[in-house]
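Below is one structure, written out as structure tokens; the observations come after it.
The values are calculated or read from the model by the stated rules, or taken from the named source; none is laboratory data. All of these numbers come straight from a predicted model, not from anything done at the bench. Positions of Cβ are backbone-derived with ideal geometry, glycine not excepted, and every protein chain shown enters the neighbour counts.
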Amino acid sequence: MVSNNISMRRERSRNKVLISLRNSPKRFTDLEKETNLSAAGLNDIRIILLEEKIIESTLLDGKPAYKITKKGTNALSKYNSLSFDIDEIKSR
């Protein structure tokens with residue numbers, strides 16, 4: 001059960017990052033503020049998303065930043081669809 005809670009938390013954190021990046025690239029500190037994740041937690045998620053090629057490094061005003069990839073946009077789209085389905089089921 002503890003492992004399941006960790007997985008659910010990680011998934012929520014991952015989705016927070018993707019939602020934050022969906023419209024524009026962001027620097028690490030901006031992601032930290034928007035997602036309310038700790039630096040360590042955000043760093044863990046950042047590493048996973050980079051390895052999965054869901055986000056990629058870029059430059060924003062000459063400084064390191066991150067942007068969502070097409071694969072990430074597709075993952076976010078699936079998440080939004082699932083979220084909608086769950087809300088629809090709850091309303092019934």
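Mind checking whether some residue in the stretch 72-87 is under 11 Å from the mean Cα position of the chain (by Cα), at pLDDT below 95 and among the hydrophobic types (A, V, I, L, M, F, W, C)? Checked against the condition, which is being under 11 Å from the mean Cα position of the chain (by Cα), at pLDDT below 95 and among the hydrophobic types (A, V, I, L, M, F, W, C), the stretch 72-87 yields at least one hit. Tell me, which residue of the stretch 7-27 that is surrounded by 11 or more Cβ atoms within 10 Å (Cβ to Cβ) and among the small types (Gly, Ala, Ser) is farthest from residue 75 (Cα to Cα)? It comes out as 24.
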